[in-house]
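The values are calculated or read from the model by the stated rules, or taken from the named source; none is laboratory data. Bear in mind that the values here come from a model prediction, so they are computed numbers and not experimental data. Quick reminder, even Gly has a Cβ in these numbers, built from the backbone with ideal geometry, and neighbours come from all protein chains shown. All accessible areas refer to the heavy atoms of the entire protein, side chains included, with ligands and DNA or RNA removed. Shrake-Rupley method; radii C 1.70, N 1.55, O 1.52, S 1.80 Å.
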Amino acid sequence: MREKIDALTQNLNLTIVGKTEAIRLVLVALLGGGHALLEDVPGVGKTLLAKSLARSLDGTFQRLQCTPDLLPTDITGTNIWNPKSGEFSFMAGPVFANIVLADEINRATPRTQSALLEVMEEHQVTVDGVTRPVPYPFFVIATQNPVEYQGTFPLPEAQMDRFMLSLSLGYPGADEELQMLQNLQHGVKVGDLQPCMTLAEVSQLRELCSQVKVETVLQQYILELVRATRQDEEITLGVSPRGTVALQKATQALAFLLGRDYAIPDDVKFLAPYVLCHRLIPRGGRNARSIVDRLLRSLPIP
């Protein structure tokens, strides 16, 4: 399985230049059983990373281009009247896939965004009173532009809480951007990528990640960090218990990716900003990252 992870990482590095940390974080979300939110300015490779991951896995892939006129049934599917059979038949929506890319998710209306709440948490869709499971494994990777607010709708707290982690790719360095230009002539394109991991192997990796040992003292450290966000004077809304579980699962996945069968405090400290910041509502426009960094410095490390 270590060879499979290395092959998947190398596959993504063929199209995504110089974003080793972002690739690792997306794999943490995938193997931890969660979902990933990519927040960054246009043109830095958010959609490219999502499509490259989908091409690298031997599963079904659907893309949602979120717009204000998108309807909930455009996501979940709907019942269509069949005049030949004289009854309704269900037409599945794009969420019935292993990997779903919700591009520019904040351009969809709150009503449409709510269509993702059930499927992201329970891996099922309910339409007209009938509940249908989506394929397993199921992974949502969403993108949004945090700079341009015209024609966008902020994601509600319930939606943000369903993403295991949120990350930003950032601008590439000078050497990385030069390599990107060179790859336009000689590099590998997304359409050229070949699957290097099956769905069964993804499921097996998730099971192995869940078996990574997290000592009680480390779990207490996670709890102290999360509970500190609920009591801090600079935070209006702290991290939910779902966030506590997400931080532990992400910690297990990161430890596994780094070749360990046990988690350490450094895993928690590295992941905490990515798992917790988007779940917080700071007071008075304060920066969530700086608050989490301050809490990490104030808590004793086990």
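Scan (1) among the β-branched types (Val, Ile, Thr); (2) assigned to a helix (DSSP H, G or I); (3) modelled with pLDDT under 95 for the single condition Ile301 breaks and write down its number.
(2)
Against the condition at negative phi and either over 17 Å from the mean Cα position of the chain (by Cα) or of a type in the set (Val, Ile, Thr) (or both), how does Gln65 come out, does it pass?
Against the criterion (at negative phi and either over 17 Å from the mean Cα position of the chain (by Cα) or of a type in the set (Val, Ile, Thr) (or both)), Gln65 does not qualify.
Criterion first (among the aliphatic types (A, V, I, L, M) and either under 25 Å from Ala158 (Cβ atoms) or at pLDDT below 95 (or both)) does Val217 satisfy it?
no
Go through the range 114-127 and report how many residues are more than 18 Å from Asp161 (Cα to Cα) and open to solvent by 20 Å² or more (accessible area, probe 1.4 Å). Let's see the steps before the verdict.
Here is the first cut: in the range 114-127, the residues more than 18 Å from Asp161 (Cα to Cα) are 125-127.
From what is left, the residues that are open to solvent by 20 Å² or more (accessible area, probe 1.4 Å) are 126.
Selection size over the range 114-127: 1.
Filter the range 266-298 down to residues that are touching a residue at least 40 places away in the same chain (Cβ under 8 Å), in contact with a helix residue (DSSP H, G or I) (Cβ under 8 Å, 6 or more places away or on another chain) and open to solvent by 30 Å² or more (accessible area, probe 1.4 Å) and give me whichever is nearest to Ala7 (Cα to Cα).
Tyr274
Testing Asp293 on (1) farther than 29 Å from Asp40 by Cα; (2) over 19 Å from the mean Cα position of the chain (by Cα), one condition comes back false. Which one is that?
With (1) farther than 29 Å from Asp40 by Cα; (2) over 19 Å from the mean Cα position of the chain (by Cα) applied to Asp293, the lone miss is (1).
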